[in-house]
Amino acid sequence: MAEHAESPLATQQHASKGDMIRSNLGKSIVQDFGYFRDILEEHHDRRERIIKVSRDINNFSKKMIFALHRAEPKDYLPQFSATSEALVEFKEKHATVLKLFHRATIDLQGSNYYRYQRSISGAFQEYIEAMTLEYYLVHGKLMPKSALEADLAFTTTAEQMANPDLIIAIGQSPFGGEGRSGGGGGGQRGKFNKDSRKRPYNKDREEAPKRPANPTSAGGPASQPSASTSAVDGSPSTAPTSPMIIETDQTPLVPVAVATFSPTVQLRLEVTDEDYLLGIADLTGELMRLAINTLGQSLMPTLQGEDASILSPEQRVQHILQFLRDIKSGFDGLSLTKMSPISKKMGVLKQSLQKIELACYNVKVRGAEYPPEVLRQMLMNGQDLGGGGGGGDSGAAGNEDEE
Amino acid sequence: MSNVVDLGFFDAIQASMENEATTKDNIRSAVRELDRTNRNITAVLNRVHSSSKDQVPALCAQARIYFSDIQTHISDLTKLVPPHQYYKYNGLWSGPMQQACFLATLTMYLEHERLITVDELEGFFAVKVDLDNNITDFQISVEEFLHGVVSLTNELSRLAVNAVTSGDFTRPVRIGKFLKELYSGFQLLNLKNDSLRKRFDGIKYDIKKVEEIIYDLTVRKLVVANTEPVQEVIGTGAEV
């Protein structure tokens, strides 16, 4: 389902390869198993490539979210400001993530989308979380799935199909160095690795970065040594710190000029309902952070009433609260099985909502009793101010999302 | 302030989730049929362990009758899977499909004492084997086929034991040879730490079992290693 305009190039190659294998089968057990090995290996390699791209998408998406949290409302309302450092970072990361998705799309054509869906769905959810947060900040609404999918349509040249490194690879990403340093974020939280940890491939996943370049890139055996040099071209990072540790047989000079003359293929990535819902469920955690931070700002007198077109912090918190309640009632309307991963996230959603409600309550009740600065500090720490039940729980839920 | 979330969107998702659940239910019931026929064939082929070797062709013929049912079930299943969503639902039929592959593989072995070819497997089920790693229509994956082959090694090691009991001392030798050939085939695969790998690790125990049988037979001079068996001794040995 990943794309609808099937690439004539890819299908032709595949068909002839399968026919070639078919005509050679049945001569001896050992020879047959040799072909089976090639078939299985192609599958494992592709899975590994997708897992690596997914990790990068995950990392960059997390950074997109952090960048959004750093931005002030005046940076993105009524439109994205070009001067805001946080938003510039967001946009750059977003562009990189789209390239990573573009690259992944090539491996996710046709039936292969669902074949590897479990490998990439965590990355999808993180990306959806980032994009829906941005959409909410700018539009004050929930981002529709169609808008997400509109971003995930890619024009791909035949050269890119044959060599996905032309889209994004070692040394081409301007954030090559950061990809690794921030990589710890994914591991520390472990939020999205949780499911994959149980998967049998996990062991290989851990080893993956140490492995040499992919066997499928047999086209250029000499390519491997060039890895470090090409990495130096694009960024000061060295090869191991680059986020993309896939095939490295790219020659940075060739691509663009040739690409313009070749036929292109439209590839699309579909967002599954489940990933969309899980992404939204994660969004609620970010909204909780946003609400608490905004509530904190409301206690800082200097920031109030700057611009009439922007809602006051109090209004914004109320808006977030309403948004979360709407999301919750939407989720509550779904009939889910206990097994569904979505029902597992519902508990977190509820805690996020309760935490904001409790915080609002505390500001209301205790607002007059503490100096604003102290109250603000207490809010930011997610401290239970003694009002209502479940304060402790919600504090714990908050910590999960903060680092 | 309200209507920030279009609740209609959740309705749409609910509807599509219900659709998916229906598809799954339909696939499940088709798979149940497949599973039932699998068990019928298994019951027939199980008799091979208690039959003499002259009865084997009749058993295979009987099993083959059921394979036409399997073709029907698989073609029913094929119609239920939406295009490009093969792997979305693959888990629902993968197990029975592996079993069906095994049964075809076993039937073929009993008839011809060799490994089924991909062409023959496709003939059994009227479905192609996915050699392209790019399934367009419903196909049998190479992994499912290989799972079937692993099951075959296990079954054959059992057959080796029972062949001796029923007085057929040559069969274990042939089985041993065949299993070693299969094992060297499997050794060519670079298996990941998946279910196929775990089952592959079990093959060596099957081989060991058959080797022990051959050892027992050889030590008692019931069979001469690497040559024709000693027919005269059979009368004194364990005859059923």
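General remarks:
- Take the conditions (1) open to solvent by 60 Å² or more (accessible area, probe 1.4 Å); (2) closer than 24 Å to residue B:196 by Cα; residue B:76 misses just one of them, which is (2).
- Every condition in (1) surrounded by fewer than 23 Cβ atoms within 10 Å (Cβ to Cβ); (2) in contact with a Ser or Thr (Cβ under 6 Å, 6 or more places away or on another chain); (3) assigned to a helix (DSSP H, G or I) is met by residue A:143 except one, and the failing one is (3).
- Residues satisfying the stated conditions in the range B:123-154, i.e. closer than 22 Å to residue B:207 by Cβ and polar (S, T, N, Q): B:151, B:153, B:154
- Candidates B:132, B:119, B:168 - the one that is part of a helix (DSSP H, G or I) and not β-branched (Val, Ile, Thr): B:119
- Residue selection: residue B:48 fails the criterion of being part of a helix (DSSP H, G or I), open to solvent by less than 70 Å² (accessible area, probe 1.4 Å), without any contact (Cβ under 8 Å) to a residue 40 or more places away in the chain and within 30 Å of residue B:168 (Cα to Cα).
- Here the range A:136-163 is the region considered, the condition is being hydrophobic (A, V, I, L, M, F, W, C) and within 14 Å of chain B (Cβ to nearest Cβ), and the residue that is nearest to residue A:318 (Cα to Cα) is A:137.
- Elements of type helices (runs of 4 or more DSSP H) in the range A:1-114, at least 2 residues being modelled with pLDDT of 85 or more: A:29-70, A:85-107
- Per-region count, the range A:78-93, residues touching a residue at least 40 places away in the same chain (Cβ under 8 Å) and surrounded by fewer than 20 Cβ atoms within 10 Å (Cβ to Cβ): 4
- Cross-chain or 6+ apart pairs with Cβ under 7 Å, the range A:355-381 first and among the polar types (S, T, N, Q), then surrounded by 13 or more Cβ atoms within 10 Å (Cβ to Cβ): A:362/A:385; A:362/A:387
- Test: residue in the range B:66-74 that is in contact (Cβ under 8 Å) with a residue 24 or more places away in the chain, within 14 Å of chain A (Cβ to nearest Cβ) and either part of a loop (DSSP other than H, G, I, E, B) or closer than 25 Å to residue B:182 by Cα (or both): no
Okay, residues lined up against (1) open to solvent by 70 Å² or more (accessible area, probe 1.4 Å); (2) of a type in the set (D, E, K, R); (3) outside any helix (DSSP H, G or I):
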{"position": "A:345", "(1), (2), (3)": "no, yes, no"}
{"position": "A:353", "(1), (2), (3)": "no, no, no"}
{"position": "A:370", "(1), (2), (3)": "yes, no, yes"}
{"position": "A:377", "(1), (2), (3)": "yes, no, no"}
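- Meets criteria (free of Cβ contacts under 8 Å to residues at least 60 places away in the same chain and within 13 Å of chain A (Cβ to nearest Cβ)) for residue B:81: yes
- Any hit, the range B:144-167, residues being open to solvent by 50 Å² or more (accessible area, probe 1.4 Å) and more than 30 Å from residue B:52 (Cβ to Cβ): no
- Residue A:55 vs. criteria open to solvent by 10 Å² or more (accessible area, probe 1.4 Å) and within 14 Å of chain B (Cβ to nearest Cβ): no
- Any hit, the range B:220-229, residues being more than 14 Å from chain A (Cβ to nearest Cβ) and in a helix (DSSP H, G or I): no
- Checked against (1) at the interface with another protein chain (Cβ under 10 Å from one of its Cβ atoms); (2) open to solvent by 10 Å² or more (accessible area, probe 1.4 Å); (3) not in a loop (DSSP other than H, G, I, E, B), residue B:137 passes all but condition (3).
The values are calculated or read from the model by the stated rules, or taken from the named source; none is laboratory data. Nothing here was measured: the structure is a model prediction, and the numbers come from that model. Reconstructed Cβ throughout: ideal geometry from the backbone, glycine too, with neighbour counts over all protein chains shown. Side chains are part of the model used for accessible areas, which takes the heavy atoms of the whole protein and leaves out ligands, DNA and RNA. Shrake-Rupley method; radii C 1.70, N 1.55, O 1.52, S 1.80 Å.
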